[in-house]
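Have a look at the structure below, then the notes.
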Amino acid sequence: MFRLLWATALATIAASHCTRSGLKEVVDSYLASQISGQATPFTAQFDTSTWLGYYENAVKVDVNTGILKTPLPITHNRSLYDTTNCMTYTEVIVNDEKAPHVIGTQLKFANHKVNRVDSIVTKPGDWLFNITGYAYWVEQENWGTIPEAKRDSRDTIKKAADAYCDLFNDPSVVVPWGTPCVRLEGGLYGDPGPNGTCVGGVPSGVPMNRRRYVIDETVGAVDVMLDFGTSAWPDTHEFRIEGGKIRYGHTVNRRQNP
Ligand SMILES: *[C@@H]1O[C@H](CO)[C@@H](O)[C@H](O)[C@H]1NC(C)=O
Ligand SMILES: *[C@@H]1O[C@H](CO)[C@@H](O)[C@H](O)[C@H]1NC(C)=O
Ligand SMILES: *[C@@H]1O[C@H](CO)[C@@H](O)[C@H](O)[C@H]1NC(C)=O
């Protein structure tokens, strides 16, 4: 009984720590910093007492030496807000001739503030990178709010993503493919038509390790940041799940072309 009350109290405290609007405010400060090339106002949101680090492409670096110090004219952003785990994921596109970038960033929160930043930063030369393709295709997709009655549970969303990620190292895994399903990888797009499928093109012997999840059931989406394959390429896989099935997948992978 005592333990149950304690668990409930803790859950209440955790839940009260993050609201969508609170998380959104901080993401807005992150975007403002990236646009201006000034680490503040974003760094003003860091929780120094529980600080875990600022990571770029899976390497812990000083925020003042990172990509945030380069002003980038962001042309697209879309975020997931995980109010259960107090985390966010933001997809950032810089469709700019001089400094084309696709960046995926997870923020982890404590005490209403950020205590870990995890960014995958890609540019020309990275795996399948094509800013024209990436910027174009994301605009053709619908990652909008799903009506409450049709929403999948966090568990269903996470399981679909895990099945996909497990398949790369275990061909026996059954993945809940949607029809259609389409993948955006670096800038390369699959068949967007009504019969589009994500079944093909899956390699084998590629473990996806150290998965960090951000789940937003209001839009049926999950981001999984991970180490891709035995060489542990910094990578983010984001999925949109509809009715328990995979509708879209976005892959941003830091592997440099040979
Ligand atoms: C982020 O995207 C939203 C639309 O989804 C837009 O209203 C907002 O201005 C964008 N923010 C920045 C900083 O580009
Ligand atoms: C990049 O993507 C665009 C739009 O899909 C496509 O027209 C173009 O051929 C691609 N470029 C390369 C080098 O693949
Ligand atoms: C999709 O598949 C159906 C059933 O096989 C077929 O009748 C239809 O022509 C296909 N549509 C397209 C656009 O390929």
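No value in this document is a laboratory result; all are computed from the given coordinates. Computed from a prediction, not measured in an experiment: that's the story for all the values here. All Cβ positions, glycine included, derive from the backbone under ideal geometry; neighbour counts span all protein chains shown.
What to note about this one:
- Once the Cα-Cα distance is subtracted from the 0.36 nm per residue extended length, the Q38 to R78 segment shows a gain of 12.3 nm.
- The chain: Cys lacking any partner C-beta under 4.7 angstrom: C165
- Calculated P(r) of region 2-124 - Cα pairs past 24 Å, %: 28
- Potential lengthening between T65 and S21 on full extension [0.36 nm per residue; Cα-Cα distance subtracted]: 12.9 nm
- Among the listed pairs K123/K150; K98/K158; K69/K159; K113/K150; K24/K150, those whose Cα-Cα separation exceeds 30 Å are K123/K150; K98/K158; K69/K159; K113/K150.
- Burial ordering of M208, M87, fewest other beta-carbon atoms within 10 Å first: M208, M87
- Computed across region 100-258, the Kirkwood hydrodynamic radius from all distinct Cα-Cα pairs reaches 16.1 Å.
- Value at 222 nm in deg cm²/dmol, rounded to 500, when DSSP H runs of n ≥ 4 in the chain each add -39,500 (n - 2.57): -7000 deg cm²/dmol
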